[in-house]
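Enquirer: Got a structure for you, questions after.
Read the figures in this text as sums done on the coordinates, not as results from a lab. Fair warning: this is a prediction, and the values are worked out from it, not measured in the lab. Note that we place each Cβ from the backbone using ideal geometry, even for glycine, and neighbour counts take in every protein chain shown.
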Amino acid sequence: MYTKLISCTFPEALREENNKLKKHNEDLTKEIEQIHENQCNDVEELVYLRWINACLRHELRNYQPGIGENSCQRPE
């Protein structure tokens, strides 16, 4: 009789464990997808900032203040 009770609860315990593992796997998959998305956004932002930096460097190299202007002062 005891073995019959074990055989009834054992498959149920396996099903529960299986469901828990599936849920945990889904959660981890979602977390990985979110991390990947964040990483892609960070790379996109880095590329944009490098592009802006290159544009500003180009502007600074080509900047020539007008006659009588002090390049250290802000224009008003």
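Enquirer: Let me check I've understood the local charge: for ASN19, count other residues with C-beta under 14 angstrom from its C-beta, Lys and Arg +1, Asp and Glu -1. What total comes out?
Expert: Working: positive: ARG15, LYS20, LYS22, LYS23; negative: GLU12, GLU16, GLU17, GLU26, ASP27.
Neighbour charge sum, excluding ASN19 itself: -1.
Enquirer: In sequence order, what are the phi-derived ³J(HN,Hα) couplings for the stretch 44-49 according to the Karplus relation 6.51 cos²θ - 1.76 cosθ + 1.60 with θ = phi - 60°, rounded to whole Hz, with x for glycine and proline?
Expert: Using θ = phi - 60°, the values come out as 4, 5, 4, 4, 4, 5 Hz.
Enquirer: Can you tell me the FRET efficiency between LYS23 and GLU44 if r is taken as the Cβ-Cβ distance and R0 is 35 Å, rounded to the nearest 0.05?
Expert: Details: r = 32 Å, r/R0 = 0.91.
Efficiency, from the Cβ-Cβ distance: 0.65.
Enquirer: Can you tell me how much longer the chain between GLU33 and GLU12 gets when fully stretched, taken as 0.36 nm per residue apart minus their C-alpha distance, in nm with one decimal?
Expert: Full extension from GLU33 to GLU12 adds 4.4 nm.
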